[in-house]
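Written out below as structure tokens is the structure these notes cover.
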Amino acid sequence: MAVKRTPFIAGNWKMNLDHLQSIAFVQKLAWALADAKHDFADAEVAVFPPFTDLRSVQTLVAADSLPIGYGAQDVSAHDSGAYTGEISGAFLKQLDCRYVIIGHSERRTLHAESDAEVNAKVKAAHRHGLVPVICVGETAEDLEAHGPSAVPVAQLRAALDGVDGSKGLVVAYEPVWAIGSGQAATPAQAEQVAAALRALLVELLGEEVAQSTRVLYGGSVKAANIASFLREPNVDGALVGGASLDIPEFASIVRFKKHVGA
Ligand code: PGA
């Protein structure tokens with residue numbers, strides 16, 4: 001049974017734009033998107049600024065009722081206490097964050113974040129009413145050794161251990177070799193892994209949750225290739241890094257229907 005999933009375009013700013021820059025950026029993005037009301041309404045948009053920007057983004061989005069969601073790039077597995085440098089999901093919820101990215105490959109690689117930590121963070125997000133955007137993806141070596149789906153599927157299985165699917169989630173398939181490289185996966189490659197991830201969602205969380213969960217592709221997405229990914233039946237949007245910092249480019253990604261010709 002085909003279920004209509006609203007496409008989701010998520011902009012991961014990484015460590016770019018301070019809180020003053022974030023205000024100007026979100027304002028300009030909202031203007032750029034307002035030109036495209038019809039197409040815009042067909043996709044959900046969210047930005048993922050650095051923690052220090054979130055209060056400013058919250059104030060702007062609330063004051064102007066902007067149809068732009070936002071979330072954080074990480075969350076602590078703990079709720080409060082002696083965890084220097086960490087940010088509780090409770091604090092993010094108080095800033096009206098809807099989403100939080102968990103297990104991005106830069107955290108797994110640069111901060112040695114394990115599958116067990118990713119799992120604990122997913123549960124922390126749910127405890128605080130946040131929707132985790134769970135990132136999975138294989139390195140070029142994994143691809144060579146195990147083929148395309150094995151590592152992302154194993155990472156998602158671990159991330160979802162004991163997780164209640166009714167609390168909501170988004171999955172982002174981001175091949176590590178495609179991130180920031182300018183070398184995106186092909187739409188067929190993205191679809192193959194997205195389909196395998198959805199099959200795992202069926203197995204772990206049941207058909208209904210699996211069919212309503214958005215599976216995104218990420219890795220060198222730009223306006224020129226977004227439509228080809230969104231044509232694939234199991235790809236429901238994109239997690240965009242570099243191109244999310246370029247307002248016309250990101251707005252054009254959100255208006256993917258123009259490229260599809262729909
Ligand atoms: P990229 O990054 O779009 O710059 O490849 C994607 C990501 O890291 O989420």
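Computed quantities for the displayed model
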| quantity | calculated |
| --- | --- |
| DSSP-defined antiparallel bridges as percent of all bridges, the chain, nearest 5 | 0 percent |
| Sorted by Cβ neighbour density within 10 Å, fewest at the top, the residues SER80, SER228, SER105 | SER80, SER228, SER105 |
| Full-stretch length increase - ASN16, THR109 - with 0.36 nm per residue and alpha-carbon distance subtracted | 31.6 nm |
| Radius 9 Å from Cβ of HIS126, net charge of other residues (Lys, Arg +1; Asp, Glu -1) | +2 |
| Projected area, mean over directions - the stretch 8-259, Cα convex hull, nm² | 12.5 nm² |
| Charge dipole (debye, nearest 20) of the chain; +1 at Cβ of Lys and Arg, -1 at Cβ of Asp and Glu | 640 debye |
| Table column - 3J(HN,Hα) (Hz), the stretch 50-66, Karplus curve with 6.51, -1.76, 1.60, x for Gly and Pro | x, 3, 5, 8, 5, 5, 5, 5, 4, 4, 5, 4, 5, 5, 9, 6, 6 |
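A short reminder: the numbers here are calculations on the coordinates, not readings from a lab. Model, not experiment: these values are computed from the prediction. In this analysis, Cβ positions are derived from the backbone assuming ideal geometry, glycine residues included, and neighbour counts consider all displayed protein chains.
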